[in-house]
Amino acid sequence: MPRINVERIEQDIIAISHFGRQESDRGVYRQGFSQADMEARQWLRDQFERLGMAHSMDGAGNVIGRYGPEDKPAIIIGSHLDSVPAGGMFDGVLGVAAGLEVVRALHEKGITPDFPIEVIATSEEEGRFGGMLGAQAMTGHLTREWLETACDEHGYPLKDAMEAAGLEPFDALHAYRRPEEIRAFLELHVEQGPVLDTEKLTIGIVEGISGVFKWNCRLIGKADHAGTAPMDMRSDAFMGIADFAHEIQRIIDEEGTDKSRITIGHVALKPGFPHTVPGEADFTIVGRDLDEDVMRALANACRRVLSSIARKHKLKFEYEEMSWLKPAYCDEGMVQMIEQKTKELDYSYKVMPSGAGHDVQFFCGHTRTGLIFVPSVGGVSHAPDEWTHWSDIERGAQLLLECVMELAREKVPA
Ligand SMILES: [Zn+2]
């Protein structure tokens with residue numbers, strides 16, 4: 001049985017971390033299509049070259065190295081190479097480095113799989129331009145119109161960024177891969193949350209990516225002098241938010257599951273002056289669950305509760321639904337196979353949802369998908385302090401290798 005060499009993964013992750021690293025805060029700045037991002041992609045192609053793999057960059061900027069026979073559907077493994085500003089060294093990179101090591105481990109044992117393995121570094125996963133460009137392009141979730149209009153938060157167009165990186169923007173539409181060209185898509189990623197680390201588990205087997213809804217809400221009351229307006233004669237918009245915040249746990253207890261999340265992430269009070277009763281409160285609600293019916297029940301309960309709170313405080317409640325993303329489910333057979341392999345390796349694990357979005361969600365419904373987590377120490381991610389123990393990385397990568405070998409066996413039906 002081929003074995004993962006974690007020292008090589010460590011070397012690669014450290015090598016990649018130098019692309020876009022800033023010494024001042026030790027953060028990685030490798031935003032999609034930046035110079036650092038493109039240099040890291042070239043570095044990866046050089047590694048494919050050394051291993052004798054066929055490699056290419058598609059029109060969306062995805063870098064793909066191929067190992068194995070030419071004319072069969074591919075087992076795609078990997079993740080993304082771009083980062084958020086001031087990101088950590090493991091997010092995305094782990095899946096790419098582990099994918100590379102899987103091929104190296106097979107190659108050094110002289111094993112050629114029955115089905116080709118494609119190691120991928122997807123492009124623009126972190127949403128600098130508001131999507132997951134690489135994965136969307138490969139799975140047909142991309143439109144010409146979106147390519148034409150997408151901008152980053154500073155108003156810089158995606159088209160310009162792609163051109164500056166040497167890509168022809170509309171070539172992204174040629175990156176589409178038909179389902180029959182893909183045997184499976186399997187991603188290894190850091191959890192980016194505290195669950196595995198807190199519960200002292202090594203492996204998270206993801207059953208699906210939670211759906212997300214986002215509301216922009218407004219409670220409108222009356223701005224008054226904070227000294228002259230008696231407490232019982234106010235329409236204080238902030239009091240409405242405060243009451244609602246206390247209701248969130250009850251809403252989840254009554255309507256949700258242990259996978260439900262409701263977050264007020266942004267609040268702006270108007271006029272926002274210390275000596276004025278806030279006459280308006282603008283805030284966001286983001287809700288998540290792995291079941292769309294539960295998402296709907298949570299949303300309905302939020303609406304009911306906010307309406308009744310508004311009445312109590314003499315406020316007006318308004319909201320707009322900004323987005324509603326359905327949950328995406330990993331393939332049940334893949335989840336079972338990963339669980340079986342995890343048991344054979346005697347690693348501790350749990351089956352869990354992913355609250356964060358990942359490339360894999362666009363491949364759900366397009367091909368068989370799987371997503372494996374390893375622990376993030378303290379749950380830290382999207383920050384320079386992001387850390388995962390090398391011993392956990394070794395196990396995650398070994399599991400990835402054994403899953404890939406299982407998928408590459410002819411007898412598994414595609
Ligand atoms: Zn990521």
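The values are calculated or read from the model by the stated rules, or taken from the named source; none is laboratory data. These numbers were taken from a predicted model, which means no experiment stands behind them. Don't worry about glycine lacking a Cβ; one is built from the backbone with ideal geometry, like all the others, and counts go over all protein chains shown. Each accessible area value is taken on the protein alone, full model and side chains, heavy atoms only, with ligands, DNA and RNA left out. Shrake-Rupley method; radii C 1.70, N 1.55, O 1.52, S 1.80 Å.
Brief remarks follow.
- Among the candidates 401, 371, the residue that is under 30 Å from residue 215 (Cβ atoms) and open to solvent by less than 20 Å² (accessible area, probe 1.4 Å) is uniquely 371.
- Restricting attention to segment 357-366 and to residues that are surrounded by fewer than 23 Cβ atoms within 10 Å (Cβ to Cβ) and at pLDDT 95 or above, the residue that is nearest to the ligand (Cβ to nearest atom) turns out to be 364.
- Comparison of 275, 266, 246 shows that the only residue that is more than 16 Å from the ligand (Cβ to nearest atom), modelled with pLDDT under 95 and either among the aliphatic types (A, V, I, L, M) or farther than 30 Å from residue 389 by Cβ (or both) is 266.
- Residue identified as within 16 Å of the ligand (Cβ to nearest atom) and surrounded by fewer than 24 Cβ atoms within 10 Å (Cβ to Cβ) among 145, 126, 108: 126
- Residue 372, sole failed condition from (1) assigned to a strand (DSSP E or B); (2) more than 16 Å from the ligand (Cβ to nearest atom): (2)
- Test: residue 337 is of a type in the set (A, V, I, L, M, F, W, C) and closer than 24 Å to residue 213 by Cα: no
- Residue match in segment 349-356 (condition: open to solvent by less than 30 Å² (accessible area, probe 1.4 Å) and within 14 Å of the ligand (Cβ to nearest atom)): yes
- From the options 118, 126, residue that is touching a residue at least 40 places away in the same chain (Cβ under 8 Å), in contact with a strand residue (DSSP E or B) (Cβ under 8 Å, 6 or more places away or on another chain) and within 25 Å of residue 379 (Cβ to Cβ): 126
Condition check ((1) touching a residue at least 24 places away in the same chain (Cβ under 8 Å); (2) open to solvent by less than 60 Å² (accessible area, probe 1.4 Å); (3) assigned to a strand (DSSP E or B)) across all residues:
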position	(1), (2), (3)
307	no, yes, no
314	yes, no, no
318	yes, yes, yes
321	yes, no, yes
335	yes, yes, no
340	no, no, no
343	no, no, no
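- Residue 15 vs. criteria in contact with a Gly (Cβ under 6 Å, 6 or more places away or on another chain), small (Gly, Ala, Ser), outside any loop (DSSP other than H, G, I, E, B) and without any contact (Cβ under 8 Å) to a residue 40 or more places away in the chain: no
- Residue 339 vs. criteria among the acidic types (Asp, Glu) and within 25 Å of residue 193 (Cβ to Cβ): yes
- Some residue of segment 286-296 being modelled with pLDDT under 95, under 30 Å from residue 384 (Cα atoms) and open to solvent by 40 Å² or more (accessible area, probe 1.4 Å): no
- Looking only at segment 1-17, and only at residues there that are of a type outside the set (Asp, Glu) and within 22 Å of the chain's Cα centre (by Cα), the one that is most open to solvent (accessible area, probe 1.4 Å): 14
- Reported count of residues in segment 62-105, each being in contact (Cβ under 8 Å) with a residue 40 or more places away in the chain, open to solvent by 10 Å² or more (accessible area, probe 1.4 Å) and away from the ligand (no atom under 16 Å from the Cβ), is 9.
- Residue match in segment 46-67 (condition: basic (Lys, Arg), more than 18 Å from the chain's Cα centre (by Cα) and in a loop (DSSP other than H, G, I, E, B)): no
- Cβ pairs under 6 Å, 6+ apart, first in segment 232-243 and at positive phi, second crowded, with 21+ Cβ neighbours inside 10 Å and assigned to a helix (DSSP H, G or I): none
- Of all residues in segment 175-186, at least one satisfies being within 16 Å of the ligand (Cβ to nearest atom) and out of contact with any Cys (no Cβ under 7 Å at 6 or more places or on another chain).
- Among all residues of segment 189-211, there is none that is open to solvent by 20 Å² or more (accessible area, probe 1.4 Å), charged (D, E, K, R), farther than 30 Å from residue 375 by Cβ and away from the ligand (no atom under 16 Å from the Cβ).
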